[in-house]
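*Asks:* The structure is given below, and queries will be raised subsequently.
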Amino acid sequence: MKSQCGRNLRAELEHTQARLAELEATMNAIYRGEVDALAVGGPQGSRIFTLQNPEEPYRILAERMSEGVATLSAEGTILFCNQRLAKMTGLPPERMLGAPFVSKLCEEDRAGFPGLVQLALQHNVRSEGHLLQENESVLPVQLSLSRILLQESGEGICLVATDLSERVRAEEELRLSRERQLRLKDELLSHVSHELRTPLACIHQFTTILLDGISGELTADQSGVLEIILKSANQLRTMIDDLLETARIEAGKVKVARSCVVLQDAVREAIQMLRGTAAEKGIDLEREGHSELLVYADPRRVLQILLNLIGNALKFTPAGGHVEVKYGVAPGEPGYALVTVEDDGCGISEPVQARVFERLYQEGGSIDQGHEGLGLGLAICKELVSSHKGKIWVESQPGKGSTFSFTLPVYSLERILSPVLTENGTLRRAVSLILVRAVPKPTTAAIEQWSRTRRKLNELLCRCSLPDKDVVLPSVRAQPAGETFAILAGTDASGAELLAQRIRQQMKRCQELSENCVAQVSSQVVRATQELETPTKEDVEAIAREVACAVSQAMNMRSGSR
Amino acid sequence: MSKPKILVIEDDNNMRIALNMRLKAAGYETIFATDGLSATIVAFKEVPDLVLLDLGLPAGDGFVVMERIRNNAKLCCVPVIVLTAREVRGNKDRALAAGAYAFFQKPADNEALMDAIERALKGTGALAT
């Protein structure tokens, strides 16, 4: 009995194993597509399952999908497309079948599509495009293409199109909301800055009233205390300015009013303003550079950049240290001037160097480092330099010091003429030249003080001229001493004479100038431009060249006919 | 020649006191208005030699005051110097275009402010050159 049972069991096992092997072979054959139909015996007799259309369940799936799906031939002809894709194009599905898919794309996307198909035959690709809709509008879609095998014709493409219009709409909404927020922030900051300035102006005004002795004589101690108040008020003012400036930069609202800047004068002015701070800390502050170098920049901005960089250098250099400002033509870039501010302070580590120009970055990440400021200065510098089409960077060795460098475009006459030539896009009627020929009085004092006098004169000319209409040109040096200053004014003969008159009066009023120099002020029209309502950029450039030529002639003639 | 008369239009009490001290010390006579409406009335009545104008004012913005001054035959030649805590951007160009002689943001550099006042007064002949 026992052995009978064992045999039966073994036979049963072999039978089952054989059935399993058969089933496995069948399954594999089905997977490989070698089986067209399957007959399965069961209690109700044999049933036949046809496998000719194995993708049927997938078709149902495809029809129900929220994405558009299509099968394309290797040439890009639509062999199958689901309801959704048809709906996306606005055509009935039967009009889609047999059409080249590329014809359903909008004009700009068509050229790239065959390439996309070729790529898809090698690996899956994704791309964004626009479907052409029946009503002439376009639908942004993401297209995913992958290779499939088609029974009839070998290779083909399975294409899935995802509607991106929702996403595009959401992105647009996000952008608008961000703009709105930036504007709100800008308004808020303007408001805050206004509210802060009002009391600050009072502190400033009363402090200077006391300091100027308007309400009585002060003791040295009292003056000292008031000086500290004034200094703090000025610091506060700088911070408010920085805050507002940053908000403006973020909102893309920074404006630069370019003119000709004598780089040496800007550096000298910045150093003059910081001389006191340097002396207090016992830091040696020096400058060295090319005295004639002119840059085409906004003088206020140049000063702002310099004050910021030199101020920083002083802040991070210990007592007894050394800060030097150098300026000259940028090596390898003759169209640019290079300014460097070098200190032998604590230096900046490499990871920090990469971040110092970021907003609100302060070394150590903390404001409690004993250094006042908001950490906005360098970020502002970077924005200002780049709005002048220059570059700014830092080199440093921790413990040895840092060198901050920036470049600014070198001045040329043509570059600066456009504010004089045009007003709101239309050409001005005339351009005039006011020449101030100044010679030191023949006294030793006057000759010795000439560089001071000429600076004073230049300042006076800048004060007399209108920033958006007139340009004070750099002086032409003449031998032995004395020089010709010129203002190019966007005005006609009578306007120019008025300006000349104003300069004469101002010079007479200034004691230092009237004591030390003799000056002749004259005006002339250099070009009467014909009316051009909307001059092109080329028109303005051509006229600028012409005027530049006339100006240099007039100035040479003047200094030549001494 | 009598002292030039300056109308200070300023709504901040402390600032008015400060400006009064400074202008008096410089030898000017001062009159005051604290809002846009009274500013116009005082200006018409007193015909100052110069107006120092704040922009943010109750009862009539500074620009409105400036327009009224500019459009009045008696006052159209009176120089107006703007002294405001408002932003330079936008306001300066607008003020100069509206006929302001100069624009200063608070806190202003006193030397430059006093210089502009003096120049403006000499320009109209209210101060001997």
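*Asks:* Using a Cα-Cα cut-off of under 16 Å, which aspartates and glutamates could be cross-linked to residue A:508, ignoring same-chain neighbours fewer than 8 residues away?
*Replies:* Partners found: A:459, B:115, B:118.
*Asks:* Something else: Would you mind ranking A:209, A:78 so that the residue whose beta carbon has the fewest other beta carbons within 10 Å leads the list? Mind dumping the intermediate values first?
*Replies:* Values: A:209 19, A:78 23.
Least crowded to most crowded, the residues run A:209, A:78.
*Asks:* State the extension gain, in nm to one decimal, for the chain segment bounded by residue A:349 and residue A:146, taking 0.36 nm per residue of separation less the distance between their alpha-carbons.
*Replies:* Value of the extension gain: 68.1 nm.
*Asks:* Could you tell me which residue out of A:127, A:149, A:58 lies farthest along the dipole of the range A:52-155 toward its positive end? Charges go on the beta carbon: Lys and Arg +1, Asp and Glu -1, centred on the Cα centre.
*Replies:* Looking along the dipole axis, the top candidate is A:58.
*Asks:* Label residue A:393 and residue A:243 with points 7 Å out from Cα along Cα→Cβ: what is the distance between them in nm?
*Replies:* Those two pseudo-labels are separated by 3.5 nm.
*Asks:* Only four residue types carry charge here, +1 at the Cβ of Lys and Arg and -1 at the Cβ of Asp and Glu. Report the dipole size of the range B:40-124 about the Cα centre in Debye, rounded to the nearest 20. Show your work: numbers first, answer last.
*Replies:* Details: 11 positive and 11 negative charges, 55 e Å.
About 260 debye.
*Asks:* Can you put A:414, A:173, A:515, A:383 in order of Cβ neighbours within 10 angstrom, beginning with the fewest?
*Replies:* In order of increasing Cβ crowding within 10 Å: A:173, A:515, A:414, A:383.
*Asks:* So how strong a dipole does the protein assembly as shown carry about its Cα centre when Lys and Arg Cβ are +1 and Asp and Glu Cβ are -1, to the nearest 20 debye?
*Replies:* For the protein assembly as shown, the charge dipole is close to 1620 debye.
*Asks:* Among the lysines, which fall within straight-line cross-link reach of residue A:104, defined as a Cα-Cα distance under 23 Å, with same-chain neighbours fewer than 8 residues apart omitted?
*Replies:* Hits, sequence-local ones excluded: A:87.
*Asks:* What does the average come to when, for each residue of peptide B:103-110, you count the partner chain Cβ atoms lying within 10 Å of its Cβ?
*Replies:* The shielding value for this peptide is 6.
*Asks:* Of B:114, A:507, how do they rank once you tally other Cβ atoms within 10 Å and put the fewest first?
*Replies:* B:114, A:507
*Asks:* Let me ask you something else. Check the straight Cα-Cα distances from residue A:185 and name the aspartates and glutamates below 16 Å, setting aside those fewer than 8 residues away within the same chain.
*Replies:* Output for residue A:185: A:195, A:241, A:242, A:245, A:250, B:87.
*Asks:* Where both partners of a DSSP beta bridge lie in the protein assembly as shown, what percent of those bridges are antiparallel, to the nearest 5?
*Replies:* On the way: 85 of 107 bridges.
Within the protein assembly as shown, antiparallel bridges account for around 80 percent of the total.
*Asks:* How big is the charge dipole of the range B:22-79 about its Cα centre, in debye rounded to the nearest 20, if each Lys and Arg gets +1 on its Cβ and each Asp and Glu gets -1 on its Cβ? Provide the component values of the computation, followed by the final result.
*Replies:* Working: 6 positive and 7 negative charges, 27 e Å.
Result for the range B:22-79 is approximately 140 debye, rounded to the nearest 20.
*Asks:* With r as the distance between the Cβ atoms of residue A:235 and residue B:70 and R0 = 41 Å, compute the FRET efficiency 1/(1 + (r/R0)^6) and round to 0.05.
*Replies:* So the FRET efficiency works out to roughly 0.60.
*Asks:* Output the pairs from A:456/B:24; A:231/B:24; B:74/B:122 with a Cα-Cα distance over 20 Å in this structure; if there are none, say none. Before the final figure, lay out each step's value.
*Replies:* Details: A:456/B:24 28 Å; A:231/B:24 25 Å; B:74/B:122 18 Å.
Flagged as over cut-off: A:456/B:24; A:231/B:24.
*Asks:* Would you calculate, for the protein assembly as shown, the mean residue ellipticity at 222 nm contributed by helices, counting each DSSP H stretch of 4 or more residues as -39,500 (n - 2.57) and dividing by all residues, to the nearest 500?
*Replies:* Calculated at 222 nm, the ellipticity per residue is -15000 deg cm²/dmol.
*Asks:* Counting only the backbone N, which residues of the range A:129-162 are under 20 Å from the spot 7 Å out from the Cα of residue A:169 toward its beta-carbon?
*Replies:* Label zone hits: A:129-143, A:161-162.
Since every read-out is calculated from the coordinates, none of them should be taken as a lab result. Just so it is clear, the structure is predicted and the values come from calculations on it, not from any experiment. Reconstructed Cβ throughout: ideal geometry from the backbone, glycine too, with neighbour counts over all protein chains shown.
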